[in-house]
Number of protein chains: 6
Amino acid sequence: MKRAVFAGTFDPVTNGHLDLMQRALRMFDRLTVAVAQRAEKGVLFSQEERVAMIREAAASLERLDVEPFSGLLVDFARERKIPVIVRGLRFVSDFEYEFQMALMNRRLSDEIETVFLMPSETYTYLNASLVKEIARYGGAIDGFVPPNVAPRLREKIAKAP
Amino acid sequence: MKRAVFAGTFDPVTNGHLDLMQRALRMFDRLTVAVAQRAEKGVLFSQEERVAMIREAAASLERLDVEPFSGLLVDFARERKIPVIVRGLRFVSDFEYEFQMALMNRRLSDEIETVFLMPSETYTYLNASLVKEIARYGGAIDGFVPPNVAPRLREKIAKAP
Amino acid sequence: MKRAVFAGTFDPVTNGHLDLMQRALRMFDRLTVAVAQRAEKGVLFSQEERVAMIREAAASLERLDVEPFSGLLVDFARERKIPVIVRGLRFVSDFEYEFQMALMNRRLSDEIETVFLMPSETYTYLNASLVKEIARYGGAIDGFVPPNVAPRLREKIAKAP
Amino acid sequence: MKRAVFAGTFDPVTNGHLDLMQRALRMFDRLTVAVAQRAEKGVLFSQEERVAMIREAAASLERLDVEPFSGLLVDFARERKIPVIVRGLRFVSDFEYEFQMALMNRRLSDEIETVFLMPSETYTYLNASLVKEIARYGGAIDGFVPPNVAPRLREKIAKAP
Amino acid sequence: MKRAVFAGTFDPVTNGHLDLMQRALRMFDRLTVAVAQRAEKGVLFSQEERVAMIREAAASLERLDVEPFSGLLVDFARERKIPVIVRGLRFVSDFEYEFQMALMNRRLSDEIETVFLMPSETYTYLNASLVKEIARYGGAIDGFVPPNVAPRLREKIAKAP
Amino acid sequence: MKRAVFAGTFDPVTNGHLDLMQRALRMFDRLTVAVAQRAEKGVLFSQEERVAMIREAAASLERLDVEPFSGLLVDFARERKIPVIVRGLRFVSDFEYEFQMALMNRRLSDEIETVFLMPSETYTYLNASLVKEIARYGGAIDGFVPPNVAPRLREKIAKAP
């Protein structure tokens, strides 16, 4: 059985993330979505909220599980004997950062391989930061995030100082 | 009459910004310079100061008006029935960020088009952050910003903690 | 009246080119499509054929004319008093080549400005060379080129040695 | 069983290609190496020679087969029911070309997914054209190509006009 | 005698930095390593600690001196009559930032030239921020930093809140 | 004495090349300009003509010599005991090709180091191919090439078929 891990902050999960999960499930038997803690990065949603939102949004995807994590991704993968890290690639700037991370991870653990997938071009422009900025100014976010996420994002932002 | 909007933080306006305004005025009948609030980003000058400095520096440019704005640029443009967003493009890294923003804006409002202009190569290296860093260390900034901006930048930085 | 020129080889015109023409017509009063000769580059269609295919495909677009040209684009624009060159921008590699051409053109004629537009993300992947390669191997090209172009491309390739 | 295809010209196969094959075999159950004909591109070795050299060089790799192909890669994959195309990614320029090809292939056949792998950084600089140029001038190529390839490359180049 | 300066934050110095120092010493008679203060950037080690760690790590390199600095690098170089700034270049994103800095520095002082060197590909992935992140999670950092730096980094991070 | 080599096709030498030679001479004691044969690449000027044009154009530059070469640049450098290869860097696309060449050259000969210099931003757009294309269509080339080159380029192009 081939397993892979797809890690990120998912603050919140977008339709672009879900597209990538579906693509990864076409070629791996089981996909673990690893939700990073990122306490220091000023996330909008808590790690528990982010895990819960992905679980709901991806409920129809079989062979997928969602887990919180902190620490180094290679350690998370090694402990679970997951040999593949899946990453999305949209832009050259993505590419260079990803390249650097992948080389570093390979150095830290040579038995773990990183593979890159391309999201649908419909989601090229999407990232969670832009979606939050649009929500902050009352823009329409419904096409960008799963149906369960949109109302929570609006609610969370209304409460933010 | 063809109108366009050129938005930014302009903290402070540089000679590169003025070069782009002049180029945009060659092809549009009226240009609105939209000065973003960016309260959260730790700007050096207040929005009012930034608007005032551009008004002075661009006083000789006809068919140009300067306005403060907050919120989403596409909303600002739509309310004023401005169908074109003008952006400067100097670097590959600019390009990718701009591309992402332009696709997102197109998704938010399909009747607004983004066009990219190239500043004079004399200003390729110029950006407001570098100019502020140089001013902070007492470097000569007179060739980088308009004559009305240089003394204010020096004064503002002298007062900064 | 604001005029612009959109130049290329168009061997053959694709749906991506037509998308850009429509975007340019939103902001300019008149658009001239300039079809380069490129005798040396081993084009598949003659310049006359390429001009004719664009005229048919863009017949419904008002305020657009199609003309053959050879020589330097800045000379073509200057003779017709067209002050703006329109270019499509999709990739970083596009960007750098375009940047170099635009700087060179500005050097050759300072009164002509280059503006860059972004095609729909649906056409990001499209270019005439790929379409010809797909046609060569009998792949389906109907979603990539206008309806009048697809049969001619198949016919032309069938005849090619 | 998860299958993947790794296509290229392989004129000739390098150690960088072999590194990628090994990485792909870690995550797919079977890998088909598809050797493109490229008659028009002026290859040094015939398609038969290129296939034979890979078969020898990769003889120790189980679960790998080598096949000649012409036509569109997506057709090749579809006929063999291979759902994944594997590509190596080293540079930004690779990335953009690969991105364009992958989007085009996805458009031609939505059930085929492209994944990108990173070769060892030891092989970042390696490509078959550079190796041929070095061989042409009598440079040492033994660290760049498999042991069975080096003498054939020297011999082939000695005979070339 | 040809002198050059190699500036950075070095928080902490890595094996990649040392590789570049050795390469620079091959072509310049004397190399000054200038350690930036960066009080505002939240460095882990104080400027004195960073200077001391480089001095120890590079003790075997002749013709090299290490100095703290604050202010503009061009002023530092000009005061010491050092006509060359040495920079490492690994990635496209490095390249654009470096390009912009180098053009700005040239504008500030035309007699100072910037040269770019390439680190060994073994160190392509290395940067001080990644090393600190790995150390924070207890990962093995010994291959990334000089022997005198690894224990201090572990100790410093253990004490950090 | 520190020596360096600056290699290229120089078909023909441009003002951008001369700018780089002057910058290299600021930091090396002696610069050898190596003019590649490139018989296969369809150059406009013969190797002898290209060498002669550089010698004239750079006659006022002391400590510079111009030599024809064929073969591998690292062999040329090694035979003359020149430890440094100088390259110009203007664009990201330059950067990646140069990076690949430099890594390959380092692999071929570890005692030779490549350094990258940046031309004046005035010459960013300049390359010999564009200059030839402009000359072909009768455009003004005098600002792009040295005074001795412009008439020869016009004459050579007038004679070309």
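Data for the structure
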{"read-out": "Boolean, C:Leu117 is under 15 Å from D:Leu103 (Cα atoms), among the aliphatic types (A, V, I, L, M) and crowded, with 20+ Cβ neighbours inside 10 Å", "value": "no"}
{"read-out": "Any chance C:Arg38 is within 14 Å of chain F (Cβ to nearest Cβ) and surrounded by fewer than 17 Cβ atoms within 10 Å (Cβ to Cβ)", "value": "yes"}
{"read-out": "Selected residue (criterion: farthest from the other protein chains (Cβ to nearest Cβ)) from residues of segment A:133-146 that are open to solvent by 30 Å² or more (accessible area, probe 1.4 Å) and either in contact (Cβ under 8 Å) with a residue 60 or more places away in the chain or touching a Leu at 6+ places or on another chain (Cβ under 6 Å) (or both)", "value": "A:Gly143"}
{"read-out": "Residue match in segment B:107-114 (condition: among the basic types (Lys, Arg), open to solvent by 10 Å² or more (accessible area, probe 1.4 Å) and more than 7 Å from every other protein chain (Cβ to nearest Cβ))", "value": "no"}
{"read-out": "The one condition in (1) assigned to a strand (DSSP E or B); (2) surrounded by 20 or more Cβ atoms within 10 Å (Cβ to Cβ) that B:Met53 fails to fulfil", "value": "(1)"}
{"read-out": "Flag for C:Ile141 being more than 18 Å from B:Ala24 (Cα to Cα), of a type in the set (A, V, I, L, M) and either at pLDDT 90 or above or in contact with a Cys (Cβ under 8 Å, 6 or more places away or on another chain) (or both)", "value": "yes"}
{"read-out": "Scan of segment E:106-125 for residues that are outside any helix (DSSP H, G or I) and over 30 Å from E:Arg80 (Cα atoms), ordered by number", "value": "E:Thr124, E:Tyr125"}
{"read-out": "Filter pass, D:Asp65 being surrounded by fewer than 17 Cβ atoms within 10 Å (Cβ to Cβ) and either in contact with a strand residue (DSSP E or B) (Cβ under 8 Å, 6 or more places away or on another chain) or away from every other protein chain (no Cβ under 13 Å) (or both)", "value": "yes"}
{"read-out": "Flag for F:Thr32 being within 14 Å of another protein chain (Cβ to nearest Cβ), touching a residue at least 12 places away in the same chain (Cβ under 8 Å) and open to solvent by less than 20 Å² (accessible area, probe 1.4 Å)", "value": "no"}
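Conditions tested, residue by residue: (1) outside any loop (DSSP other than H, G, I, E, B); (2) under 12 Å from the mean Cα position of the chain (by Cα); (3) crowded, with 17+ Cβ neighbours inside 10 Å.
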residue	(1), (2), (3)
A:Ala4	yes, no, yes
A:Arg26	yes, no, no
A:Phe45	no, no, yes
A:Ser60	no, no, no
A:Phe76	yes, no, yes
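The values are calculated or read from the model by the stated rules, or taken from the named source; none is laboratory data. Note that the structure is predicted; figures quoted are calculated from it, not measured. Heads up, the Cβs are rebuilt from the backbone with ideal geometry, glycines too, and the neighbour counts pull from every protein chain shown. Keep in mind that these areas ignore ligands, DNA and RNA; they rest on the heavy atoms of the full protein, side chains included. Shrake-Rupley method; radii C 1.70, N 1.55, O 1.52, S 1.80 Å.
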